[in-house]
1. Based solely on its DSSP helices, what 222 nm [θ] is calculated for the chain when runs of n ≥ 4 H residues each add -39,500 (n - 2.57) and the sum is averaged over all residues, nearest 500 deg cm²/dmol?
2. Quick check on segment 13-239: take the gyration tensor over C-alpha atoms, sort the square-rooted eigenvalues as a ≥ b ≥ c, and tell me if it's rounded (a/c under 1.5), prolate or oblate.
3. Under 13 Å from the Cβ of S61, count the other residues' Cβ atoms, weight Lys and Arg +1, Asp and Glu -1, and hand me the total.
4. Within the accessible area of segment 215-270, what % is carbon and sulfur when the probe is 1.4 Å and the other protein chains stay in place?
5. What's the angle, to the nearest 10 degrees (0 to 90), between helix 192-201's Cα axis and the longest principal axis of the chain?
6. Quantify, in whole percent, the carbon and sulfur part of the accessible surface of segment 66-147 (1.4 Å probe; protein heavy atoms only).
7. Going highest first, how would you order 128-140, 55-67, 6-18 by mean Cβ packing within 10 Å?
8. Got a sec? Charge dipole of the chain, +1 on Cβ for Lys and Arg, -1 for Asp and Glu; which of A245, C215, F103 is way out at the positive end?
Amino acid sequence: MSKQVEVVRRTTVPQIRARKAGEPIVSLTSYHAHTAAIVDKHADFILVGDSLGMVMHGMESTVGVPLDLMIMHGKAVVRGTQKALIVVDMPFGTYEESPNMAFRNAARIMKETSCGAVKLEGGARMAETIRFLVERGIPVMAHIGLTPQSSHVMGGFKTQGRDEDTWAEHIADAHAVTEAGAFAVVLEGMVEPLAAKITKEIAIPTIGIGASVDCDGQILVLEDMLGLNEWTPKFVRVYSDLGPAIESAVERYADDVRARAFPGDDETYR
């Protein structure tokens with residue numbers, strides 16, 4: 001009698017959308033196959049974020065990330081995973097000009113990476129583009145609040161909603177992307193009462209990053225929560241201090257090589 005093989009099915013966009021006000025949605029970023037394989041066991045969706053420009057390639061912001069780089073990392077993450085929905089960021093300059101331009105680039109991302117959705121930044125100003133993409137079969141996750149690709153206009157990475165007079169604009173953004181067909185929306189760098197109000201008002205899940213526990217789900221940059229960066233934002237909880245551990249391992253390796261203590265008998269073919 002043949003052994004039955006369990007079929008692992010990826011989380012789908014409708015499944016994420018259906019989690020509104022239900023069990024919190026778990027997400028992390030990942031940029032390569034081996035970390036994605038680890039995250040895949042625990043996350044509902046994985047974001048291949050354009051933050052990879054800063055985390056992986058030493059850029060000062062996400063603005064300089066090219067489309068080809070996102071596709072390359074997106075392919076790696078898809079190859080390393082089986083279960084999680086994979087969402088790939090559309091980098092700066094690939095969707096703002098027109099809905100047609102956005103469709104061409106989003107279609108390329110999905111075709112070449114086999115991801116399940118794309119993410120783009122912007123609220124009401126991007127609603128027409130979101131609707132255009134969704135109507136043509138491309139699932140879109142929106143991103144409002146602190147939008148890193150607009151950091152030069154914003155004057156840096158500033159918490160949004162500290163002045164209650166600005167709330168109406170953020171709330172309008174949330175409703176606009178919902179009505180345009182986004183299946184979820186990232187709320188970044190947003191004060192708690194504003195994030196809670198938006199989460200309560202709109203029909204799609206909110207994914208918080210620095211936007212309080214009131215959101216329908218949470219996302220962090222993997223390298224931040226693993227302690228691989230010298231500095232982390234206030235909203236990050238560091239779950240492991242891997243930076244010093246890696247440096248210690250490299251130092252011991254270097255010492256062993258210089259002392260001719262590595263490789264030893266156990267690591268040598270006789």
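The values are calculated or read from the model by the stated rules, or taken from the named source; none is laboratory data. Note that the structure is predicted; figures quoted are calculated from it, not measured. Reconstructed Cβ throughout: ideal geometry from the backbone, glycine too, with neighbour counts over all protein chains shown. Areas reflect the complete protein model, heavy atoms only, side chains present, ligands, DNA and RNA absent. Shrake-Rupley method; radii C 1.70, N 1.55, O 1.52, S 1.80 Å.
1. -11000 deg cm²/dmol
2. Rounded shape, in that the Cα axes give a/c under 1.5.
3. -3
4. Summing carbon and sulfur atoms, their accessible area is 52 percent of the total for segment 215-270.
5. 60
6. Summing carbon and sulfur atoms, their accessible area is 51 percent of the total for segment 66-147.
7. Ranked from most to least packed, the peptides come out as 128-140, 55-67, 6-18.
8. With unit charges placed on the Cβ atoms, the residue in question is F103.
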